[in-house]
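Here the structure is laid out as structure tokens; the discussion comes afterwards.
The values are calculated or read from the model by the stated rules, or taken from the named source; none is laboratory data. Given the structure is predicted, the values throughout are model-derived calculations rather than measurements. Heads up, the Cβs are rebuilt from the backbone with ideal geometry, glycines too, and the neighbour counts pull from every protein chain shown. Surface accessibility is based on the protein's heavy atoms, side chains included, excluding ligands, DNA and RNA. Shrake-Rupley method; radii C 1.70, N 1.55, O 1.52, S 1.80 Å.
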Amino acid sequence: EAAVTQSPRNKVTVTGGNVTLSCRQTNSHNYMYWYRQDTGHGLRLIHYSYGAGNLQIGDVPDGYKATRTTQEDFFLLLELASPSQTSLYFCASSSGSGNTLYFGEGSRLIVV
Amino acid sequence: AQSVTQPDARVTVSEGASLQLRCKYSYSGTPYLFWYVQYPRQGLQLLLKYYSGDPVVQGVNGFEAEFSKSNSSFHLRKASVHWSDSAVYFCVLSVNSNNRIFFGDGTQLVVKP
């Protein structure tokens, strides 16, 4: 069974704070994704990656950076967190276009 | 432009009743289509997927979906729902030509006892 692990599961930070969300997959998948989920918007793609060192911009990238350090690890960085980034963040991986996405359990971020 | 529309934000059915959740997609090529389910406080899990062939695909827990190219639809069905089916259901389109994935906004299913 494919496994995607996110940390932290819950985080509270202040406006202007620095946050890193981590994602690790043990599926040997090349593709990894970061989404945010907000009521009324479904899932929106922030950044994604085709492999270590690769980064692609998603649909809502403003205020976010990402880095894919290895095939397994994909990080989402919020360097100056704002209340509008309060959300539920999901990481996902897949073996390629058209293939099943495997999701982590989510990281809930609150920016006060 | 590619997109997915789930016209029903919330569907309420009685336990034991049949279910259809609607999904329409926009894409001129050959789509890869998925249904995912999200239970409370969990990530999304695959229910079923369609790539080609038989337009009716079977999934887990008695769910099935029917692909219709003429209607650009991929509706999800279940003959008899259980209270544990209460969750949010997402229809997803994957486009091979540009490696993009498109999510519908989700349909909240509420199963009444």
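Tabulated data for the structure shown
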{"read-out": "Residue in region A:45-101 that is farthest from A:Pro8 (Cα to Cα), counting only those that are more than 14 Å from chain B (Cβ to nearest Cβ), polar (S, T, N, Q) and outside any loop (DSSP other than H, G, I, E, B)", "value": "A:Ser84"}
{"read-out": "Hits in region A:28-43 (condition: open to solvent by 10 Å² or more (accessible area, probe 1.4 Å), closer than 22 Å to A:Thr5 by Cβ, more than 7 Å from every other protein chain (Cβ to nearest Cβ) and not aromatic (Phe, Trp, Tyr))", "value": "A:Ser28, A:His29, A:Asn30, A:Arg36, A:Gln37"}
{"read-out": "The lone exception for A:Gly98 - which of (1) out of contact with any Gly (no Cβ under 7 Å at 6 or more places or on another chain); (2) more than 18 Å from B:Ser97 (Cα to Cα); (3) buried (at least 17 other Cβ atoms within 10 Å of the Cβ) it fails", "value": "(2)"}
{"read-out": "Only one of B:Ala79, B:Ala17 that is away from chain A (no Cβ under 14 Å) and either open to solvent by 60 Å² or more (accessible area, probe 1.4 Å) or among the aromatic types (Phe, Trp, Tyr) (or both)", "value": "B:Ala79"}
{"read-out": "Condition check for A:Thr5: under 13 Å from A:Phe90 (Cα atoms), open to solvent by 30 Å² or more (accessible area, probe 1.4 Å) and either of a type in the set (Ser, Thr, Tyr) or assigned to a loop (DSSP other than H, G, I, E, B) (or both)", "value": "yes"}
{"read-out": "Residues being farther than 15 Å from B:Gln42 by Cβ and crowded, with 22+ Cβ neighbours inside 10 Å - total across region B:103-113", "value": "2"}
{"read-out": "Selection count where residues are touching a Leu at 6+ places or on another chain (Cβ under 8 Å) and within 10 Å of chain B (Cβ to nearest Cβ), scope region A:103-112", "value": "3"}
{"read-out": "Residue that is surrounded by the most Cβ atoms within 10 Å (Cβ to Cβ) [pool: residues in region B:20-39 that are within 11 Å of chain A (Cβ to nearest Cβ) and in contact with a Cys (Cβ under 9 Å, 6 or more places away or on another chain)]", "value": "B:Phe34"}
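Residue by residue, here is whether (1) under 22 Å from B:Leu44 (Cα atoms); (2) over 12 Å from the mean Cα position of the chain (by Cα); (3) surrounded by fewer than 16 Cβ atoms within 10 Å (Cβ to Cβ) holds:
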{"position": "A:Gly53", "(1), (2), (3)": "no, yes, yes"}
{"position": "A:Gly63", "(1), (2), (3)": "no, yes, yes"}
{"position": "A:Ser82", "(1), (2), (3)": "no, yes, yes"}
{"position": "A:Thr86", "(1), (2), (3)": "yes, yes, no"}
{"position": "A:Phe90", "(1), (2), (3)": "yes, no, no"}
{"position": "A:Ser93", "(1), (2), (3)": "yes, no, no"}
{"position": "A:Tyr102", "(1), (2), (3)": "yes, yes, no"}
